[in-house]
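The values are calculated or read from the model by the stated rules, or taken from the named source; none is laboratory data. Keep in mind that what you see is a predicted model, and the values were worked out from it rather than measured. Neighbour counts run over all protein chains shown; Cβ positions are idealised from the backbone, glycine included. Only protein heavy atoms, including side chains, enter the accessible area calculation; ligands, DNA and RNA are left aside. Shrake-Rupley method; radii C 1.70, N 1.55, O 1.52, S 1.80 Å.
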Amino acid sequence: MKNRILTTLSFLLLTLLVQAQIKVASILGDNMVLQRNSEVKIWGTSGAKDKLIISASWDKSKITATSNEKGEWLAKIKTTEAGGPYIITISNAKQKVEVKNVLLGEVWLCSGQSNMEMPMMGYISSPVNGANEALFNADNNNIRLFTVKPTTTNTTQNNCEGNWLVANSESASQFSAVGYFFARRLQQKLKVPVGMICASSGGSRIESWMSKEDISKFPEALLSSSKDDQDNRKPSQLFNGMIHPIQNYVIKGALWYQGENNRINYQHYAALMGGLVEGWRNNFGIGQFPFYFVQIAPNAYDNSKDILSPKLWDEQLKASLAIPNCGMVSTVDLGEEDDIHPAEKEIISKRLSYWAISETYGIKGIEYKNTYFKKAVAKDDTMIVSFENNVHGITSFGKEVTNFEIAGEDRIFYPAKAVFKTSKVVKVSAPEVKKPVAVRYCYHNFPQGKGFLYNTAGLPILPFRSDNW
């Protein structure tokens, strides 16, 4: 009996000691990058009502924190200009924990579905152009990468699985291609450390990335996604497992590449994007951080006759214009007919970096905004199309463009000729249409015509239609 009591007491004592151990959140680890010139959060668990001292080697001051009844604690530390490596120390009366090789720099979150998740090494029979050469030169102590393990759950989680890795050929090969290329460009341009957090899940819907509170504001979309049989398409499942655990981590901005699995309810997408961005900004609590996203690429979708992609493109443009501090890049010229994962991930990251460098970091002289449809006016047998953000005019870089169509009152569209060499407008006509009333450009899931239009900076003109049929 006595031995049993002693064993029980020993077990309880051991349990208390284990529970009292200092643990930092999993997103906070060796090799991480913290946002420079800001107030970052350091948090974790220890014993209940435990008094902790947190210090960072870039600053001589010490911060104190006391855990709550559950042992949860959080402290805020001011960071300085970019630099490192540094050490963060968390200690109590009995224990000391160190987070080592920490850099101060720029931190970005990238999220979405498989096109954001797609690693530098590519997928089976689905490559990333230029990846092998990029990986050959990937060794860079000033780029750090963290991939959040895809996790779905009905309840919000405080921790996620993942580790911060220094960029090299091996670590970069497993990381988001869009995220890595973006980090490399940012690091080269700004000459500071860059940390990328990738929280993506292939095949996911936007509803799954929204909190229960935020998605509840959209009952029709909530009902639609609730019926899906895949967990990463159900409301809030990915937010709970992948975004909530990292929402205390201070970021500079976010990149988003998602939408293919919301084509079926495209009519809700602009509103849902607005809800997601507003919700994330509230959750992270750092103001209206920049949010830049990718318009989904053309794809045949098994030769579907439903032109759902162009309708989603319209909603994505609408969202980009309505959401504050938001920008969109087009991939209309990068799509592949039989592969939903475009190989030109580096080009996508270039276009995202133009937004970040120009809007977020204020570097002048780089064109980054989309040129998009403004209006179309009929004159005799021709539709005259004008555009917004059309500073220096339009070009096809010498290639023939056959992706225009026009229609008369019978609503039958015919392939059309486009003339655009001598002005900032495009003149569109077809011999079959004597009195045109509508014009479309690249308005198919996968445009079959040749050539694309660009502004003179090489950014593609967005697909459009003048009608609402």
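Summary table
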| quantity | calculated |
| --- | --- |
| Taking the chain and dividing mean pair separation by its residue count, relative contact order in percent (alpha carbons under 8 Å, at least six apart) | 12 percent |
| Portion, in percent, of the accessible area of the range 368-469 that falls on carbon or sulfur, probe 1.4 Å | 50 percent |
| Reciprocal mean inverse distance between Cα atoms of the range 313-469 - Kirkwood radius, Å | 16.5 Å |
| Exposure of residue 74 as accessible area (Å², to 10), given a probe of 1.4 Å and all protein chains | 80 Å² |
| Reachable lysines from residue 234, criterion Cα separation under 27 angstrom, eight or more residues apart if same chain | 149, 212, 217, 305, 311, 318 |
| Residue 304/residue 168 FRET efficiency (R0 45 Å; Cβ-Cβ; nearest 0.05) | 0.60 |
| Relative contact order of the range 177-267, pairs being alpha-carbon contacts under 8 Å that are 6 or more residues apart, as % | 28 percent |
| The range 210-301: trypsin sites (Lys or Arg not before Pro) falling in loop per DSSP and having at most 11 other Cβ within 10 Å | 227 |
| The chain: translational diffusion in µm²/s, Stokes-Einstein, Kirkwood Rh over Cα pairs, 20 °C, 1.002 mPa s | 89 µm²/s |
| Cα pair distances exceeding 22 angstrom across the range 52-184, given as percent | 52 percent |
| Förster radius 41 Å - calculated FRET efficiency between residue 264 and residue 402, Cβ distance, rounded to 0.05 | 0.90 |
| With DNA, RNA and ligands ignored, accessible area of residue 165 (1.4 Å probe; Å², nearest 10) | 90 Å² |
| Residue-normalised accessible area of the range 202-346, given per residue in Å² at a 1.4 Å probe | 35 Å² |
| Cα long-axis angle, helix 308-322 against the chain (0 to 90 degrees, to the nearest 10) | 70 degrees |
| Helix-only [θ]222 nm of the chain, DSSP H runs n ≥ 4, -39500 (n - 2.57) each, per residue, nearest 500 | -6500 deg cm²/dmol |
| Span from the the range 372-422 Cα centroid across to the the range 157-191 one, whole angstrom | 41 Å |
| Gain in span if fully extended, residue 392 to residue 155, counting 0.36 nm per residue against the direct Cα distance | 80.2 nm |
| Scaled radius of gyration (Cα, divided by 2.2 N^0.38 Å) that the range 309-398 gives | 1.27 |
| Relative packing of 430-437, 341-348, 177-184, which averages over residues the other C-beta atoms within 10 Å, highest first | 177-184, 341-348, 430-437 |
| At R0 = 30 Å, FRET efficiency that the Cβ-Cβ distance of residue 68 and residue 322 yields, to 0.05 | 0.15 |
| Inter-site label distance for residue 412 and residue 432 at 7 Å from Cα along Cβ, in nm | 0.7 nm |
| Distance between modelled label sites at residue 366 and residue 124, nm, 7 Å Cα→Cβ extension | 3.8 nm |
